[in-house]
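Every number in this text was worked out from the coordinates using simple rules, so none of it is lab data. Everything numeric in this text was worked out from a predicted model, so none of it was measured. Don't worry about glycine lacking a Cβ; one is built from the backbone with ideal geometry, like all the others, and counts go over all protein chains shown.
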Amino acid sequence: MQKKKTRAASVIAAAVILLFSTAAFGGWSIMPDVPTLDKLRGVAAYSDNRILAVGDNGAVVMYDGTTWESVEQFTDKRLYGAFWISENLAYISADKGRIFKYDGSEWTELDSGTDKRLRTVWGTAADNIFAGGDSGTMLHFDGTTWSVMESATDDTIQGIYGASGSDVYAVGGPSGGDGTGNGFIVHYDGTAWSGELTNVTPRLKAVWTDGADTRIAVGDDGTVVEYDAVSETWNLVTNPAIDTIMSMWAISSDSIFAAGFSGQILEYDGIAWELLDVGVSVDLHDIDGVAGGKGFAVGDKGTILMYEPEGGGNDNGTADCPFEAALENENDLTLLRSLRDSRLSNSNGFDMVGLFYRHAREMAKIVSANPELKSGLQGLVKNQRGLFTELLATGQATVSRSAVDAAAAFLSELKTQAGPGLKMPLTFVEVGLKSGWLLKQAGIQVK
């Protein structure tokens, strides 16, 4: 049988490593059991137990601090922005000029006065809300009526943020997928909008200010621009971003997170930006959180990441990981993490990884509480060190039929203790192992 170059997560890795590799990276963890696979474009956090995420096909999910629940669908339109005004007052901006209001019990559609796509919504109070979108559309809500404002731009408004009702910024750039044209920054002083920056080449997606000297905007191609209060100019900032940055969440001027395409989350400490390893490769579209509390980033395929501040989370992918409890050899742990990370680096690998990460916590609890499963996991890893090393080095490997049978038996035993949601992916891999088709797809040859 001719070997094939690996294009999906290897079966042994899927059955053993990826099933149990923790979803926590640098304080960020992949949240399990999100009740949608739609692209999530917006997230808003009022408190650690009052989180709203929205996206394509009218997807709306809410988090109560324990569980994500789907909201009964009230539209099939694409939803973009979300913002909390108070615990029982939230707004969503959407396609075709739609704006939806949540009053703590139900959602209602408001008359916005426009049919333009509204990509962002932000406000300071129930009678001071802004929504922006295509063709320079800027709306303002005074508590009674939405009215159109002169925005000082004809291009697409992507993000709005302010320190007060008289210190508000909006950013964006030309519409279209080619990214050509200049980005812009406009400022509202409580009376009128005026242009601040018109010569940034990449489109800008989000902006943040502390109301003092810190003003930052991010956008296409990893662009970061920062305001220099001394020269009163906006300047490009060197940073390690690898793709478009879509959104920012600031705890303070020296503690800012940014999220964007290719699964990137960056952290700013007031001096420099650092690219974090958060364990995903899907595009992230928005990020928000609570100062001193948790943060949330949302993206493609219903992906939601959660950040827990120091003391509430874990670093380097070790939280709730049965390998930490089962394995004594640090070299084995390093090898498994390296193989896991190599599978996260391509979209095909992530598809399978993401499937199992949704049930990571349940699987971790099962294995940690069962001595026989712990022992079985130890045996699988010990007996297949050579396979893991070969997969990591070349993307191809050979495996014995007895090893395949042992992995299938392990999955079968695990499945007896799994809940209904976990049994399905376990059965998928078990059948794929026994039939051999997953082995072929992964480029693994059975001896």
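Some points to look at:
- Backbone N under 19 Å from the N329 label point (7 Å along Cα→Cβ), restricted to the range 363-399: 373-394, 397-399
- Counting 0.36 nm for each residue step from A163 to T394 and taking away their Cα separation leaves a gain of 77.9 nm.
- Kirkwood Rh and Cα Rg combined as Rg/Rh, the range 25-307: 0.93
- Residues listed by number, the range 185-219, amide nitrogen under 15 Å from V230 label point at 7 Å toward C-beta: 213-214
- If R0 equals 60 Å, the separation of the Cβ atoms of E87 and K447 corresponds to a calculated FRET efficiency of about 0.45.
- Cα pair distances of the range 148-268 binned at 10 Å [whole percent]: 14, 49, 32, 5
- Where a label projected 7 Å from the Cα of L275 along Cα→Cβ would reach, residues of the range 197-238 with amide N under 13 Å: 221-223
- Extension gain from S255 to R385, taking 0.36 nm per residue of separation minus the Cα-Cα distance: 42.7 nm
- Its residue count N fixes a reference of 2.2 N^0.38 Å for the range 43-166, and the Cα radius of gyration divided by that reference is 1.00.
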